[in-house]
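Visitor: Got a structure here, written out as structure tokens. Questions coming.
The values are calculated or read from the model by the stated rules, or taken from the named source; none is laboratory data. This structure is a prediction, so every number in the text was calculated from the model and none was measured. Here Cβ is always computed from backbone atoms with ideal geometry, including for glycine, and neighbour counts include all displayed protein chains. Heavy atoms of the whole protein, side chains included, go into the accessibility calculation; ligands, DNA and RNA do not. Shrake-Rupley method; radii C 1.70, N 1.55, O 1.52, S 1.80 Å.
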Amino acid sequence: MSYSDIIKQKKKDWGYDGLMDGARADRGQKIPFSSPLMNWATYGGIPRNKITEFFGEYSGGKTTTAIDICKTACILFRSEYDEAVYKLREAVAAGNKAKSAELDDMLEQGPKKVLYIDLEHSFDGAWAKTLGIEDSEIDIMQPPDVVAEDILQTVISLIETGELGLIVLDSLPSLVPKAELEKKLGERTVASLAGLLTIFCRKVVSLLTRYETTMLFINQVRENMDNPYVVKTPGGKAPKFYASLRIYFRIGHPVDFLGNELPMNTENPAGYIVNAKIEKQKTAPHDRKNATYYLMAQSGIRSDFDFAQLAIKKYGIIRKAGAWFTLCKPDTGDILEDESGKPIKLNGLSKVYDYLQTHSEYYESLKSYILDDIYKQPSN
């Protein structure tokens, strides 16, 4: 048999037409964040059909960011579903009867589902609503006191249905292997969770591609007695090895309502800066290792603050000189002028935020320019 004959035969034997399509994957296959700064740092978001790991200390922003990914995933899956249904209906209307059954199946199944497995039983529906997602838009699973083996096997079974688009596991240290559950307090087991996750990751990584499902692990950090400067996460090395993207989250400075940084001991801040460090990146160049975003206690993620920071620090659309900011046209770089022909200069970052909120046409052009750059396809 020739090379092509063997490939054709294996596609048939293994029931997978996408066998040779992996190298053709592009950077556009991402689930984006609501934060433009995070999208800029990750080249568009977390990679689809692969494993991503968010880890960090408590109250560091990892769960909030995971919920935000769930929100944008729901929007993305709904958009893709509507487009697919539209094309199938057009095909059926054109007389392609073979597409009729496919259309019926798609209408019955609906968009790809988002599943959040809350092992810690701490999912905050009110906070999720503040972030822009209703409980009814995602499925929340809170397993009882069952062994980790059962939970992970259930995850595999759910992926194999082909109905899931995103599954979040919160969090890895909350998984209790059977070997640990059967021990009394004080009795020790050796790397039972690490061994279990090694087997799970080996099994699931190919299933994610086959069934077009994205896996998001949430993990914690532990003190490293050997080297306090090296972060240590539970679960062994398998999550680190199999994850295509790993992000380390830490809470940063508190901020006021205008995004101005406040002292760390501020009692009643309006929000916080969330710091993210890209520890591993396999689906884009690893030349952007740090990101931040603004998380407000009453309104969630402030994308307008992010766009302003990108315009100032990354794209030079807004030029900073001391406390003064000069606005420029995104497409040409020419200085923006007011009705009398004077350059528009603003004193203080708060004035910049206010200008973007009150001048929608300029704000939309700035957003469009930045988003086009973030999501542009790599040159061949």
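Visitor: What translational diffusion coefficient, to the nearest whole µm²/s, does segment 46-158 have by Stokes-Einstein, given a Kirkwood radius computed over alpha-carbon pairs, a temperature of 20 °C and 1.002 mPa s viscosity?
Guide: 129 µm²/s
Visitor: Amide H to amide H under 5 Å from residue 257: which residues, 5+ apart in sequence or cross-chain, H placed 1.01 Å off N in plane?
Guide: Long-range HN contacts for residue 257: 270.
Visitor: What's the carbon and sulfur percent of the chain's accessible surface, probe 1.4 angstrom, rounded to a whole number? It would help to have the intermediate numbers written out before the result.
Guide: Values: 10430 of 20830 Å².
The value for the chain is 50 percent carbon and sulfur by accessible area.
Visitor: I've got another one for you. Extending each Cα 7 Å along its Cβ direction at residue 323 and residue 13, get the distance between those two points in nm, one decimal.
Guide: For residue 323 paired with residue 13, the spin-label model returns 7.4 nm.
Visitor: Something else about it: On full extension of the chain, what length is gained from residue 237 through residue 139, given 0.36 nm per residue of separation minus the C-alpha to C-alpha distance?
Guide: Values: separation 98, 0.36 × 98 = 35.28 nm, distance 2.89 nm.
Full extension from residue 237 to residue 139 adds 32.4 nm.
Visitor: Tilt of helix 192-210 relative to the longest C-alpha principal axis of the chain, in degrees (0 to 90, nearest 10)?
Guide: On a 0 to 90 degree scale, this one is about 80.
Visitor: Non-local amide H neighbours of residue 56 (under 5 Å, H modeled in plane, Pro and chain starts lacking H): which ones?
Guide: The answer is 219, 220, 221, 249.
Visitor: With every protein chain in place, what's the accessible area of residue 74 (1.4 Å probe, Å², nearest 10)?
Guide: 20 Å²
Visitor: In whole Å, what three semi-axes, largest first, describe the equivalent ellipsoid of the chain built from its Cα gyration tensor (square root of 5 times each eigenvalue)?
Guide: Details: eigenvalues 292, 185, 77 Å².
Largest first, the chain gives 38, 30, 20 Å.
Visitor: Percent relative contact order of segment 17-145, based on C-alpha pairs within less than 8 angstrom and at least six residues apart? Spell out each step's value before the answer.
Guide: Values: 113 pairs, mean separation 25.4, N = 129.
Computed over segment 17-145, the figure is 20 percent.
Visitor: Diagonalise the Cα gyration tensor of segment 253-342 and give the resulting equivalent ellipsoid semi-axes, square root of 5 times each eigenvalue, largest first, whole Å.
Guide: Details: eigenvalues 149, 94, 24 Å².
With the √(5λ) rule applied to segment 253-342, the semi-axes are 27, 22, 11 Å.
Visitor: Right, here's the next one. On full extension of the chain, what length is gained from residue 160 through residue 59, given 0.36 nm per residue of separation minus the C-alpha to C-alpha distance?
Guide: Working: separation 101, 0.36 × 101 = 36.36 nm, distance 3.33 nm.
Here the segment from residue 160 to residue 59 would lengthen by 33.0 nm.
Visitor: Given Cα pairs under 8 Å that are at least 6 residues apart, what percent is the relative contact order of segment 235-363?
Guide: Values: 188 pairs, mean separation 20.1, N = 129.
Taking the mean separation of contacting Cα pairs over the length of segment 235-363, I get 16 percent.
Visitor: Right, another one. Determine the order of 158, 327, 196 by accessible area, beginning with the largest, at a probe radius of 1.4 Å.
Guide: Numbers: 158 55, 327 0, 196 30 Å².
Greatest to least solvent exposure: 158, 196, 327.
Visitor: Still on this model: Relative contact order for the chain: what percent, with Cα pairs under 8 Å and sequence separation of 6 or more?
Guide: Relative contact order for the chain comes out at 19 percent.
Visitor: Using a probe radius of 1.4 Å on heavy atoms only, what accessible surface per residue do you get for the chain? Whole Å² is fine. It would help to have the intermediate numbers written out before the result.
Guide: Values: 20830 Å² over 380 residues.
Result: 55 Å² of accessible area for each residue.
Visitor: Test of understanding: what is the full-extension gain from residue 207 to residue 89, defined as 0.36 nm times their sequence separation minus their Cα-Cα distance? Working shown, then result.
Guide: Details: separation 118, 0.36 × 118 = 42.48 nm, distance 2.95 nm.
Gain on extension, residue 207 to residue 89, equals 39.5 nm.
Visitor: Ranked by accessible surface with a 1.4 Å probe, highest first, in what order do 246, 288, 222 come? Walk me through the numbers on the way to the answer.
Guide: Values: 246 25, 288 45, 222 110 Å².
Descending accessible area places them as 222, 288, 246.
Visitor: Rank these residues by their accessible area, most exposed first, probe 1.4 Å: 310, 19. All intermediate terms of the calculation are to be shown ahead of the outcome.
Guide: Details: 310 0, 19 50 Å².
Ranking 310, 19 by accessible area, largest first, yields 19, 310.
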